[in-house]
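> Encoded as structure tokens, here's the structure I'll be asking about.
The values are calculated or read from the model by the stated rules, or taken from the named source; none is laboratory data. Note that the coordinates shown come from a computational prediction; the quantities given were computed from them, not determined experimentally. Heads up, the Cβs are rebuilt from the backbone with ideal geometry, glycines too, and the neighbour counts pull from every protein chain shown. Areas reflect the complete protein model, heavy atoms only, side chains present, ligands, DNA and RNA absent. Shrake-Rupley method; radii C 1.70, N 1.55, O 1.52, S 1.80 Å.
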Amino acid sequence: MLLGYGARNIWSFKDWMQVDLSLNGLVPSDVSMNLPAATAMCFKGANASGKTNGIKVLAFIVDFLTNSFAYKPKTPIYFDSYFLNTQPSELYLQFLCDDKEYLYEAELTKDKVLSEKLTVNNELVFQRVSNKIEKNFLYDGHKEITFRDNASFLSTLNQYEIPEIERVYQYLSLIVLNVGYKGHNSIDYYDYHGVARRYYELPEIFDSVKKTIRMYDTGVDNITIENKTDEAGNIFYYPLFIHENNEGQKIPLLFEMESKGTQTLFRILLNFFITLHNGSLLVLDEMDEYLDPEILPHLLNLYITEKNNPKHAQLICTVHTPDVMDVSGKYRTYIFKKIKNESICYRLDELKKLRNDRSIVKEFKKHLIGGYPEIGQAEQKQ
């Protein structure tokens with residue numbers, strides 16, 4: 001379970017940005033579900049406020065920890081410092097795995113890891129300075145392991161098949177994101193044939209997806225997954241959406257004939273129900289892209305109610321639709337804003353005057369909690 005993460009001198013964040021999902025005993029139990037961290041967190045703010053960059057920070061940390069050994073040896077590390085300055089950047093990731101609390105910290109430049117630390121239950125178990133190991137209580141050190149400038153120690157140890165890091169690596173590998181170094185991967189670019197193949201392989205998850213799509217009144221009565229073999233012998237999968245006309249006839253329609261909203265649901269619900277099934281983390285930029293605003297609270301409720309989420313999966317998302325904030329509440333909402341080209345963020349419960357039992361949207365539209373688009377302000381200042 002993710003507890004929090006943060007970084008400084010990265011993308012639009014000059015100073016520390018910190019996203020804290022942890023919940024203390026003062027948080028109402030209907031919000032916390034008696035868990036140590038929130039099962040959902042929504043990012044809200046104006047365009048160019050830093051919401052996507054806030055998710056890119058997490059995406060970078062996860063990718064660096066799990067995949068960086070696959071980089072070519074001289075490849076730069078896939079992040080950008082604040083306005084491309086040459087000073088080192090710092091980052092951290094805090095999470096629970098098998099009832100142990102992990103804190104990963106690193107300092108790095110575009111070209112080199114300067115240091116890495118891993119703390120488990122407040123005890124330092126691993127420390128790397130440049131490519132030299134300063135402390136190691138994490139794994140059996142008898143193996144000769146070569147560390148590289150542009151690869152994390154965890155990705156490296158996984159490559160060497162060190163068993164002691166297997167569970168942590170698995171936890172991180174199950175995180176699903178739709179953001180990378182270049183930003184948001186638009187839903188338009190998702191390969192729906194690949195999604196259909198996954199549904200074919202995961203019938204239990206597909207049943208949940210069909211039930212959900214029918215519930216959202218899309219006019220879809222059923223969905224089937226069909227397949228064809230091309231001339232080269234390759235099998236590809238595709239969905240048929242079954243609609244019932246006013247004469248009771250069942251009419252199958254191809255994916256391209258469905259609305260953008262139905263197409264979006266078909267694609268994104270795969271990862272919703274995979275993470276709910278695994279008890280893992282889903283990170284979505286622009287979750288409300290192409291979706292009816294009335295559907296968003298239902299998607300959020302998949303994670304914030306015990307009945308829907310018995311394995312305590314987590315969701316982090318950016319949204320444009322303000323009404324979602326009344327569902328997420330002050331403990332599960334971060335506001336992002338930009339001041340003189342520097343992004344900052346804060347969780348709404350940091351604002352002591354804000355009550356969780358009253359509409360946050362009303363306060364937001366009154367410009368009382370920050371993050372509201374200030375259209376025309378730049379022109380007025382000129």
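> Say the dipole of the stretch 181-247 comes from +1 at the beta carbon of Lys and Arg and -1 at that of Asp and Glu; which of 224, 243, 181 then lies farthest toward its positive end?
Going by the charge dipole, the pick is 181.
> Here's another thing I want to ask about it. Between 55, 304, 235, where does the largest GNM mean-square fluctuation fall for the chain, given springs only between Cα atoms within less than 10 Å?
Comparing 55, 304, 235 in the GNM, the peak value goes to 235.
> Please calculate how many Å² of accessible area the chain carries per residue, with a 1.4 Å probe and no DNA, RNA or ligand atoms counted.
Ligands and nucleic acids excluded, the result is 50 Å² per residue.
> Among the lysines, which fall within straight-line cross-link reach of residue 51, defined as a Cα-Cα distance under 18 Å, with same-chain neighbours fewer than 8 residues apart omitted?
14, 182, 330, 337, 338, 340
> Let me ask you something else. Per-residue HN-Hα couplings for the stretch 199-212, Karplus 6.51 cos²θ - 1.76 cosθ + 1.60 at θ = phi - 60°, whole Hz, x for Gly and Pro?
Once rounded to whole Hz, the list reads 5, 4, 7, 10, x, 5, 5, 4, 4, 5, 5, 4, 4, 5.
> Through the Karplus equation 6.51 cos²θ - 1.76 cosθ + 1.60, θ set to phi - 60°, convert the phi angles of the stretch 325-338 into ³J(HN,Hα) values in whole Hz; use x for Gly and Pro.
5, 6, 8, 6, x, 6, 7, 10, 9, 10, 9, 10, 8, 10
> Only Cα pairs within less than 10 Å get springs; with that Gaussian network setup on the chain, which residue of 345, 42, 97 has the largest fluctuation?
For the chain, modelled as a Gaussian network with Cα springs under 10 Å, the answer is 97.
> A further question on this structure: Are there trypsin sites (Lys or Arg not before Pro) in the stretch 157-254 that DSSP puts in a loop and that have at most 16 other Cβ atoms within 10 Å, and which ones?
182
> Here is a follow-up. About the Cα centre of the chain, what is the dipole size in debye to 20, counting +1 per Lys and Arg Cβ and -1 per Asp and Glu Cβ, all else neutral?
Here the chain has a charge dipole of around 1180 debye.
> Please turn the phi angles of the stretch 128-140 into ³J(HN,Hα) values with the Karplus equation 6.51 cos²θ - 1.76 cosθ + 1.60 (θ = phi - 60°), one per residue in order, whole Hz, x for glycine and proline.
10, 10, 6, 10, 10, 7, 8, 8, 8, 10, 8, 9, 5
> May I ask you to list the trypsin sites (Lys or Arg not before Pro) in the stretch 25-114 that are in a DSSP loop and have at most 15 other Cβ atoms within 10 Å of their Cβ?
Sparse-neighbourhood loop trypsin sites (Lys or Arg not before Pro): 74, 110, 112.
> Further, regarding this structure: Give the long-range amide H neighbours of residue 243: residues separated by 5 or more places, or on another chain, with amide H under 5 Å away, using H modelled in the peptide plane at 1.01 Å from N.
221, 251, 253
> While we're looking at this one, here's another question. Note down the net charge around residue 114, summing +1 for each Lys or Arg and -1 for each Asp or Glu among other residues with Cβ under 13 Å from its Cβ. Kindly include the intermediate steps, with their values, before the conclusion.
On the way: positive: 110, 112, 117, 128, 132; negative: 90, 105, 107, 111, 116, 134, 149.
Local net charge: -2.
> Here's a follow-up. Tell me, which longest segment in the chain has none of the GluC sites (Glu not before Pro) that fall in DSSP loops with at most 15 further Cβ atoms within 10 Å?
My reading of the result: 1-143 is the longest stretch.
> Scan [x] 61, 48, 34; [y] 65, 58, 43; [z] 75, 60, 46 for the value of Cα extents along the principal axes in Å calculated from this model and give just the label.
[z]
> Work through the residues other than residue 100 whose Cβ is under 13 Å from its Cβ and net out their charges, Lys, Arg +1 and Asp, Glu -1.
Net local charge, residue 100 excluded: -4.
> Using modelled backbone amide H atoms (1.01 Å from N, in-plane), which distant-in-sequence or interchain residues come within less than 5 Å of residue 178's amide H?
So residue 178 has HN proximity to 283, 285.
> Next question, about the same structure. Set the bar at 27 Å for Cα to Cα. Now go through 112/135; 228/307; 210/260 and name every pair that lies beyond it. Can you show the working numbers first?
On the way: 112/135 19 Å; 228/307 38 Å; 210/260 16 Å.
Table pairs above 27 Å Cα-Cα are 228/307.
> Before rounding to the nearest 500, sum -39500 (n - 2.57) across all DSSP H runs of length at least 4 in the chain and divide by the residue total; then give [θ] at 222 nm in deg cm²/dmol.
-7500 deg cm²/dmol
> Compute a Gaussian network model of the chain, connecting alpha carbons closer than 10 Å, and tell me which residue from 263, 159, 249 fluctuates the most.
The residue that fluctuates most here is 249.
> Moving on. Quick one: net charge of residue 367's neighbours, Cβ under 13 Å, K/R +1, D/E -1?
That works out to +2.
> Kindly provide the trypsin sites (Lys or Arg not before Pro) of the stretch 292-338 that DSSP labels as loop, not H, G, I, E or B, and whose Cβ sees at most 16 other Cβ atoms within 10 Å. Numbers along the way, then the final one.
Working: sites: 307, 311, 330, 332, 337, 338; in loops: 307, 311.
Those satisfying the criteria are 307, 311.
> Quick one: which residues, 5+ away or cross-chain, put their amide H under 5 Å from the amide H of residue 115? H built at 1.01 Å from N.
Long-range HN contacts for residue 115: 107, 130.
> Using the Cα centre of the stretch 181-239 as the reference point, and only Cβ charges (+1 on K/R, -1 on D/E), how large is the resulting charge dipole? Debye, rounded to the nearest 20.
With only Lys, Arg, Asp and Glu charged at Cβ, the dipole is about 180 debye.
> Over the chain, what percent of the accessible surface lies on carbon and sulfur atoms, probe 1.4 Å? It would help to have the intermediate numbers written out before the result.
Details: 9170 of 19180 Å².
Carbon and sulfur together cover 48 percent of it.
> Report, in debye and to the nearest 20, how large the dipole of the stretch 1-143 comes out about its Cα centre when Lys and Arg carry +1 and Asp and Glu carry -1 on their Cβ.
600
> Using a cut-off of 13 Å between alpha-carbon atoms, which aspartates and glutamates can reach residue 117, once sequence neighbours fewer than 8 places away in the same chain are excluded?
The reachable aspartates and glutamates, counting only those whose Cα sits under 13 Å from residue 117, are 90, 105, 107, 134.
> Just to be sure I follow the definition: excluding the sites themselves, where is the longest run in the chain that has none of the chymotrypsin sites (Phe, Trp or Tyr not before Pro) in a DSSP loop with at most 15 other Cβ atoms within 10 Å?
Between the exposed loop sites, the longest stretch runs 182-382.
> For residue 240 paired with residue 342, estimate the spin-label separation in nm (one decimal), with each label point 7 Å from Cα along the Cα-to-Cβ line.
Label at residue 240, label at residue 342, 6.0 nm between them.
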